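The structure appears below as structure tokens.
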2 protein chains.
Amino acid sequence: MFSPIPIGYVKSPYDDTKQIPKGLGVKHEAEGVLEILPEFEPGLADIEGFSHLFVLWVFDRADGFSLVGGTPIDNRPHGVFSTRSPQRPNPIGLTVVELLRRDGRSLHVRGVDMLNGTPILDLKPYLSSIAPEKLRRGWLAEAEMRSRSD
Amino acid sequence: MFSPIPIGYVKSPYDDTKQIPKGLGVKHEAEGVLEILPEFEPGLADIEGFSHLFVLWVFDRADGFSLVGGTPIDNRPHGVFSTRSPQRPNPIGLTVVELLRRDGRSLHVRGVDMLNGTPILDLKPYLSSIAPEKLRRGWLAEAEMRSRSD
């Protein structure tokens, strides 16, 4: 395998997981900054041409993993690989952010759902989307339907 | 940080990177299997309800990293975080696959672009897409335009 290293850290408005919006249909519109370490700045060349980025990061305040558990969206338990739970065998988070502007090694972005100080592992350009009519969203769609009929 | 562990391995038709389709507008339609290790099978509960998954995996045959380099798509150099190059500070790959069917701890998928035997780090449900009209694709769109005018 390999030894993960931080390429930078997230500046986010959230210092506590309780502050992060959760639940059905939540939109992450919070702005934040991806502060890339000086030694990795050359890797940012041309990134400003992309409107959206994948951010891979570490759930550095999660402790251990749980293969089946509840979620803030649905009190029924689900397998961890069917959820975005922080309690994963490899505690890696994935967020799609909109790149608002680049200021040197600071990437100003919209859509952060990470805690302030979260270590960043990687950035990748978001290149294409699955057409919405082709997406099935499993238990999440069912939970939405149940909540509408409540 | 954390110590990455494999949750399973990819069965893919590709034994050599030369076999993996590359270049502008390439579509990854190859079928493969995500073989999850027995001890992680409970984490797959409910995954069959999702049509598409994010697969996080390790570029286990990449050696070191390069912050700026060429790509198979464009001979102009780009920053590594603007590309999907395997030579990354953290050698993590990200692929969106279509889940065709689940057979126990074998997930049959379409869209593999990994080598046979690649270690899998994580699976997450693909829940939403960025509307195509909102996506800007930077140097990649420029390279496509140049190739059309050649």
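The values are calculated or read from the model by the stated rules, or taken from the named source; none is laboratory data. The structure presented is a predicted model; accordingly, all values stated were derived computationally and were not measured. Positions of Cβ are backbone-derived with ideal geometry, glycine not excepted, and every protein chain shown enters the neighbour counts. Note: accessible area is taken over every heavy atom of the protein model, side chains too, but ligands, DNA and RNA are not part of it. Shrake-Rupley method; radii C 1.70, N 1.55, O 1.52, S 1.80 Å.
Once the piece of chain linking A:ASP103 and A:ASN116 is laid out straight, how much longer is it, given 0.36 nm per residue of separation minus the C-alpha distance between them?
Details: separation 13, 0.36 × 13 = 4.68 nm, distance 1.90 nm.
That pair, A:ASP103 and A:ASN116, stretches by 2.8 nm at full extension.
Within straight cross-link reach of A:LYS27, meaning Cα distance under 24 Å, which lysines are found once same-chain residues fewer than 8 apart are removed?
A:LYS11, A:LYS18, A:LYS124, A:LYS134, B:LYS124, B:LYS134
In Å², and per residue, what accessible area does chain B have when probed at 1.4 Å with the other protein chains present? Please list the in-between numbers first.
Details: 7050 Å² over 150 residues.
Per-residue accessible area for chain B comes out at 47 Å².
Please report, in Å, the Rg and the Dmax of the protein assembly as shown, where both are computed over Cα atoms only.
Rg and Dmax of the protein assembly as shown, Cα atoms, are 18.6, 59 Å.
Sort B:96-104, A:51-59 for me by packing, meaning the mean count of neighbouring Cβ atoms within 10 Å per residue, highest on top. Kindly include the intermediate steps, with their values, before the conclusion.
Working: B:96-104: 15.9, A:51-59: 21.3.
So the peptides B:96-104, A:51-59, ranked by packing, come out A:51-59, B:96-104.
Quick one: angle between helix B:138-149 and the longest Cα principal axis of chain B, in degrees between 0 and 90, rounded to 10, please.
60 degrees
Cα-Cα pairs above 23 Å in segment A:1-113: how many percent?
Working: 2228 of 6328 pairs.
Result for the distance tail: 35 percent.
Using only atoms on other chains, find how many Cβ atoms lie within 10 Å of each Cβ of peptide B:49-55 and report the average.
On the way: counts 9, 9, 6, 5, 2, 3, 0.
That average works out to 5.
Would you calculate the separation in nanometres between label points at A:LEU127 and B:ALA62, each defined as 7 Å from the Cα along the Cα-to-beta-carbon direction?
It works out to 1.3 nm between the two label points.
Go ahead and estimate [θ] at 222 nm for chain A from helices alone: -39,500 (n - 2.57) per DSSP H run with n ≥ 4, summed, over the residue count, rounded to 500. Could the numbers behind the result be given before it?
Working: 1 runs with 11 residues, N = 150.
Mean residue ellipticity, 222 nm, calculated: -2000 deg cm²/dmol.
Enumerate the residues in segment A:106-126 having an amide nitrogen under 16 Å from the point lying 7 Å beyond the Cα of B:PHE2 toward its Cβ.
Zone members listed by number: A:114-115, A:118-122.
Could you work out, residue by residue across A:71-84, how many beta carbons of other chains sit within 10 Å of that residue's beta carbon, and then give the average as an integer? Don't jump to the answer; show the numbers that get you there.
Details: counts 0, 0, 0, 1, 0, 1, 3, 6, 9, 10, 21, 12, 6, 3.
Shielding by partners across A:71-84 averages 5.
Find the chain A residue whose Cβ sits closest to the rotation axis that carries A onto B, and give that distance in whole Å.
Residue and rounded Å distance to the axis: A:SER129, 2.
Using a 10 Å cut-off around each Cβ of peptide B:130-142, what is the average number of partner chain Cβ atoms that fall inside? Please list the in-between numbers first.
Details: counts 7, 2, 3, 0, 4, 8, 8, 8, 9, 6, 6, 3, 2.
That works out to 5 on average.
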